[in-house]
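Quick notes on the structure that follows.
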Amino acid sequence: MEKSAFYVSQAYQDWLATQEFSLEEFLSSDHEGRYISWLMDVPELYSRRTPGRTCLSALRRQKHQKDLVESYIQIKLNDSKGCGGVMRVAPVALQKHSGEIKELDMEGAEIAAITHSHSLGYMPAAVLTHIIHRILFPEIAQSLKEIVLEARDTAAELFAGDSHLKELTDIIELAVELSENGEDDLDNIHQLGEGWVAEETLGIAIYCSLRYQQDFSGGIIAAVNHKGDSDSTGAVTGNILGALLGYEAIEERWKTDLELGNVILEIADDCYRCQLMGWAYDRDTDWNRKYVQIQGKSIQTQGKSVQLQAVRGDITKDHGVQAIVNAANTSLLGGGGVDGAIHRAAGPKLLAECRLLQGCKTGKAKLTKAYQLPCEYIIHTPGPRWNGGQSGERELLASCYCSCLELARENGIRSLAFPSISTGIFRFPVEEAAKIAVNTVKSFTDSHPKALDLVKWVLFDEETLKIYQRELEGRGVEGEKSVP
Ligand code: AR6
């Protein structure tokens, strides 16, 4: 399964907090490291707007889950086929997907299944995902009706053998048929049901969209004027007609003064930009910061205490960290030692990005992407050149470590690897450098216990490794040995 359902489930936990706490309570409690989205900074969201009970109870049960769930469809949390799942799934379809469309449909179903475990709760989400994706990324010219029928067929294939499948395909077919009969909307909609359950919501939305293919307002007005769950049927109809007709087709009177309209547009823009980058968090650092690792949280590893390690190796190889530190010089344009190795391994794009940074002062740090290196970021810090110890070298070296750790924290980087800064070409005595390095990192992690998961030193030679290990052991941390 794609990771997206896991990320959505974590974002739902953010939302759950807004239903359980006021903004003041949230801010005054110890939630650092527990939430992921910038939306937690939007005060209006801390408000209960009759959330579905199924949804609340499903999310409360998942509260303490930390690991990647293989399939929400397999984990039955309830037997609900309420419309909450299908109603929230439309953004999945915005992905420019390179594989088969049924993989995306399944992703939609998986996301609906986070809260609704009955197959009629999640199968309609697969159908809606399919419809919206085909509208936005057509492979051949197809009418909306053809798309709907294709979505039905794909669901029939995906969920073959499900005992409720026929109820879903029947309601889709009925919606298509009714949309062509010329009768009154209300009578037709009531034949499809009231929209409280997902297959009815989908049926009503398909009906309204087919009937009002050129008329966004007409479709929405039909979808919200019946005695059932009209906000849900209106929302799903809006998903389909919005994809079909575009933002401009939404009448101005419905867009002006829309509550949280700016927040909605910001999320839409973020989705669009992230999609252009192939949903690659490392390329779209804004997305990463706003939706994946905000507040220094890495959702796969939350809750563990910080690990400090010294290992022997080449820092340009894979050490399972998000960022590596480069012992750079103030030009940031490359050099010898570890700096040269990092530039060679990352490729020429690193130098191109470094040129834009206009250097860096000794003791400070700057961040770049990692390009061909097996991590996400490089933190570049120019260490001090050893000049007998009377020129503030010790303070500057400590400042290198502090600046790197601060930068990591600000960017949600939870694991990083340092080389032995300044002890090569800059000739800082290794014993003293190791003491400063370990002391500085230790006091940072003591004062920010939730900011990081792992700090490693990746040391090139056995002698340097032994010195760092001794320092770590002296501070009660056991150094881990590894073969280069
Ligand atoms: N992986 C891990 N450690 C390494 C690697 C590697 N691939 N290569 C070298 N080291 P140095 P400095 C170790 O000289 O003293 C550059 O020209 C090395 O054995 O790289 O801070 C810059 O542009 C030593 O223990 O960095 C600056 O001008 C440690 O990394 C200047 O050198 C640091 O050695 C910075 O000098």
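All of the numbers you see were taken from the coordinates with simple rules; none came from a lab. Everything numeric here is computed off the predicted structure, so don't read it as measured data. All Cβ positions, even for glycine, are placed from backbone atoms using ideal geometry, and neighbour counts span all protein chains on display.
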*Debye intensity ratio in log₁₀ form over the Cα atoms of region 2-291, taken at each q of 0.09, 0.13, 0.14 Å⁻¹*: -0.42, -0.91, -1.07
*What angle, in degrees between 0 and 90 and rounded to the nearest 10, separates the Cα long axis of helix 230-245 from the longest principal axis of the Cα atoms of the chain?*
80 degrees
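Is it possible to state the helix-based mean residue ellipticity at 222 nm for the chain, with each DSSP H run of 4+ residues giving -39500 (n - 2.57), the sum divided by total residues, to the nearest 500 deg cm²/dmol? What is it? Walk me through the numbers before you get to the answer.
Details: 19 runs with 231 residues, N = 484.
The helix contribution divided over the chain gives -15000 deg cm²/dmol.
Can you pull the semi-axes for region 134-199, root of five times each eigenvalue of the Cα gyration tensor, sorted largest first, whole Å? Show your work: numbers first, answer last.
Numbers: eigenvalues 93, 69, 17 Å².
The equivalent ellipsoid of region 134-199 has semi-axes of 22, 19, 9 Å.
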*For region 307-474, what is the convex hull (Cα atoms) projected area averaged across all directions, in square nanometres?*
8.5 nm²
*Mind checking the log10 I(q)/I(0) for the chain at q = 0.11, 0.12, 0.13 Å⁻¹? Debye, one equal scatterer per Cα, no solvent, two decimals.*
-0.92, -1.02, -1.12
*Which far-off residues, 5 or more places away or on another chain, put their amide H under 5 Å from the one on residue 229, with H placed in the peptide plane?*
195, 196
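Within 11 Å, Cβ to Cβ, of residue 455, how many net charges do the neighbouring residues add up to if Lys/Arg are +1 and Asp/Glu are -1? Working shown, then result.
Working: positive: 414, 442, 456; negative: 453.
The answer is +2.
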*If one takes the longest principal axis of the Cα atoms in the chain, at what angle in degrees, from 0 to 90 and to the nearest 10, does the Cα axis of helix 53-62 lie?*
30 degrees
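Express as a percent, rounded to the nearest 5, the fraction of DSSP beta bridges in the chain (both residues included) that run antiparallel.
Working: 5 of 23 bridges.
Given both bridge residues lie in the chain, the antiparallel proportion sits at roughly 20 percent.
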_For residue 312, distant residues with modelled amide H under 5 Å away_ = 459, 482
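Taking Cα pairs under 8 Å and at least six residues apart, what relative contact order does the chain come out at, in percent? Please report the intermediate quantities before stating the final value.
Working: 842 pairs, mean separation 63.9, N = 484.
Dividing the mean separation by the residue count of the chain yields 13 percent.
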*Quick one: which residues, 5+ away or cross-chain, put their amide H under 5 Å from the amide H of residue 334? H built at 1.01 Å from N.*
329
*Could you state the number of Å between the C-alpha centres of region 116-165 and region 330-378?*
47 Å
*asked:* Set the bar at 30 Å for Cα to Cα. Now go through 349/435; 166/255; 317/435 and name every pair that lies beyond it.
replied: 349/435; 166/255
*What is the sum of charges around residue 38, taking Lys and Arg as +1, Asp and Glu as -1, for the other residues whose C-beta is under 11 Å from the C-beta of residue 38?*
-3
*asked:* Taking θ = phi - 60°, what integer Hz values does the Karplus form 6.51 cos²θ - 1.76 cosθ + 1.60 yield along region 424-435, in sequence order, with x for Gly and Pro?
replied: x, 4, 7, 6, 5, x, 4, 4, 5, 4, 5, 4
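Report the trypsin sites (Lys or Arg not before Pro) located in region 60-149 that are in a DSSP loop and have at most 16 other Cβ atoms inside 10 Å of their Cβ, or state none.
On the way: sites: 60, 61, 63, 66, 76, 81, 88, 96, 102, 134, 145; in loops: 63, 66, 76, 81, 88, 96.
Of the trypsin sites (Lys or Arg not before Pro), the ones in loops of region 60-149 whose Cβ has at most 16 other Cβ atoms within 10 Å are 63, 66, 76, 96.
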*asked:* Can you work out the Karplus-derived ³J(HN,Hα) for every residue in region 154-168? Use 6.51 cos²θ - 1.76 cosθ + 1.60 with θ = phi - 60°, whole Hz, and x for glycine or proline.
replied: 5, 4, 4, 6, 5, 10, 3, x, 5, 5, 9, 4, 5, 4, 5
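How do 344, 409 line up, fewest other C-beta atoms within 10 Å first?
On the way: 344 13, 409 17.
By the 10 Å Cβ count, ascending, the order reads 344, 409.
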*Using the eigenvalues of the Cα gyration tensor, what equivalent ellipsoid semi-axes result for region 381-429 when each is taken as the square root of five times the eigenvalue, whole Å, largest first?*
23, 11, 6
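Looking at the chain, identify the longest residue range that excludes and avoids all GluC sites (Glu not before Pro) in DSSP loops having at most 16 other Cβ atoms within 10 Å.
Result, exposed sites excluded: 260-477.
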*asked:* If N is the number of residues in region 193-271, what value comes out of its Cα radius of gyration divided by 2.2 N^0.38 Å?
replied: 1.10
*Using θ = phi - 60° and the Karplus relation 6.51 cos²θ - 1.76 cosθ + 1.60, list the HN-Hα couplings for region 393-404 in order, rounded to whole Hz, with x at every Gly or Pro.*
4, 5, 4, 5, 5, 4, 5, 4, 5, 4, 4, 5
